[in-house]
Structure formats: structure tokens, C-alpha cells
Amino acid sequence: MSQFARVLTTLREIRGISPFFALDVGRPDPSWLSGDALLDGDALPATLDAIARRYRTGEPRVAASLFFLGYTARLLCPVVAAHVTGRAAPDIRPANLWWHHSADGLRVRIADPVEGGGIADALEPVVDAIRRVTPVARGLLWGNAASSIAGALRTLSRSGAADAEQCVAIGRRMLAQPPFTGSGDFIPFPGEVAFRRRSCCLYYRLDGGGTCGDCPLPSGGDRARLQR
């Protein structure tokens, strides 16, 4: 079986798990941009500005974090599913991507159904590009990616694709190497994938925003009292 066939088989078999596991192939129309446009030029700054306006935040780092949360969630779910099921993982490097941001949010596709390498190598250029646009902590961005990995594992466990213990074991191996080292911990919880990250995605900084399920910060009134 060719690598095209292996990757297409992976994508076909996992796309029904949830919308985040549905990764399409090819450029749909000229409004989409190549992944390389993330790394240089005006597209990324304009996208972060649009996110800031949409969520009514004056903090560029919050917009950057929200963008990377969406980016990693949509790309890492299929990759994590491939690891869990023993299938061929798609190449999610910027050079093999198309992306589009609109009022409906971020969408991504891969250009060709080829097999990819390491997650860190695929994400590192985008982390660097975001940090050139706005000062956001590197650890926060990698924490967002770790959170996306854990979220994918939780969904896979709940879907029956693998049991929770298997998913946690895979997650621990995936997060044991830099740049994920120290990004969070899987918490023992029977029959569930429970994860607590060590950085905050800053969602609580939005009007009406709260803390996520894996956030290390106290929630609600406790957090407010700590910030006084």
C-alpha cells in the first residue's frame, strides 16, 4: 500500500469520531492560504487582529493563544488518532497545509496525503512565527499543544477507539520529550483520561471567559481573590 493510500485510510477511518478528527485533503478554493503564509507576511498578524476583535480583547497574547489552540486542536486530533490506532499519521508541517480564517473560525486542510514526522518539528515554525508577531510565552503555546493532545486522547477513549489506560500511556510517551516536557500531568482517574496542564491558555482573560477543565489556575472567585 502506498503512503498516499495509508494516510487516506487513516483519515477516512477516524473522521467520524468528531469534527476535530475530520481532516480534508487539497485546496478547496482560492481564498485559502498556504501554510507557508503563516510563517511570513501579513496573513498571521491580520488573523490575530481579527481574533482579538472578535473576542473583544486588547491583549495580543490572548488572541495568539486562541489561534494556536484552534490550530493545534484541528491538526493534532488526527495525528494523535493515528498514534493510538497504529495508523499512518499525516504530515502537518506548514509546507503541506492550506488554512482559512473567517468569522466562522479557523479551518485547515493538508495539501497531500503524505506521512509526517514528529509533532514538535511540525509545530515549531508556527510557534516561532506567532512569537515574532506578539510576545506570548513559548511554554504557554506548547501547553496549548499538550492540551490538544490530551483532549484528543480523551475523545478517543470515550469513543471506544482505545481504552483510557492505553490512551494515558501513549500521552505520557508523547509528552515526555521536549518541548512538551513539563507541560502537564496525566492524573490517575479510573476509566478516564484526566490531564492538568502547568500553564494557562489565558481564556479567563476574556469577558465571560472561565477556566478550562485542565487549567492549573483556581476557578471563579478563588482566582479573583488571588489576583487582588
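Being exposed (fewer than 15 other Cβ atoms within 10 Å of the Cβ), over 19 Å from residue 14 (Cβ atoms) and out of contact with any Cys (no Cβ under 8 Å at 6 or more places or on another chain) narrows it down to one of 160, 105, so name that one.
Testing whether each residue is exposed (fewer than 15 other Cβ atoms within 10 Å of the Cβ), over 19 Å from residue 14 (Cβ atoms) and out of contact with any Cys (no Cβ under 8 Å at 6 or more places or on another chain) leaves just 105.
Please specify each residue of segment 53-84 satisfying the condition of being aliphatic (A, V, I, L, M) and more than 25 Å from residue 159 (Cβ to Cβ).
62, 63, 64, 66
I need every pair where a residue in segment 45-57 that is of a type in the set (A, V, I, L, M) has its Cβ under 9 Å from the Cβ of a residue that is part of a loop (DSSP other than H, G, I, E, B), sequence separation at least 6 or different chains.
Final answer for the pair search is 48/134; 50/103; 51/57; 52/58; 52/59.
Mind listing whichever residues of segment 49-64 are touching a Phe, Trp or Tyr at 6+ places or on another chain (Cβ under 8 Å) and under 18 Å from residue 142 (Cβ atoms)?
Passing the criteria: 62, 63.
Which one of the conditions (1) at negative phi; (2) out of contact with any Lys or Arg (no Cβ under 6 Å at 6 or more places or on another chain); (3) not polar (S, T, N, Q) does residue 191 fail to meet, given that it meets all the rest?
Residue 191 satisfies all of (1) at negative phi; (2) out of contact with any Lys or Arg (no Cβ under 6 Å at 6 or more places or on another chain); (3) not polar (S, T, N, Q) except (1).
What is the number of the single condition among (1) in contact with a helix residue (DSSP H, G or I) (Cβ under 6 Å, 6 or more places away or on another chain); (2) crowded, with 20+ Cβ neighbours inside 10 Å; (3) in a helix (DSSP H, G or I) that residue 113 does not meet?
The failed condition is (3).
Readers should treat all values here as calculations from the given coordinates under stated rules, not as data from a laboratory. Computed from a prediction, not measured in an experiment: that's the story for all the values here. All Cβ positions, glycine included, derive from the backbone under ideal geometry; neighbour counts span all protein chains shown.
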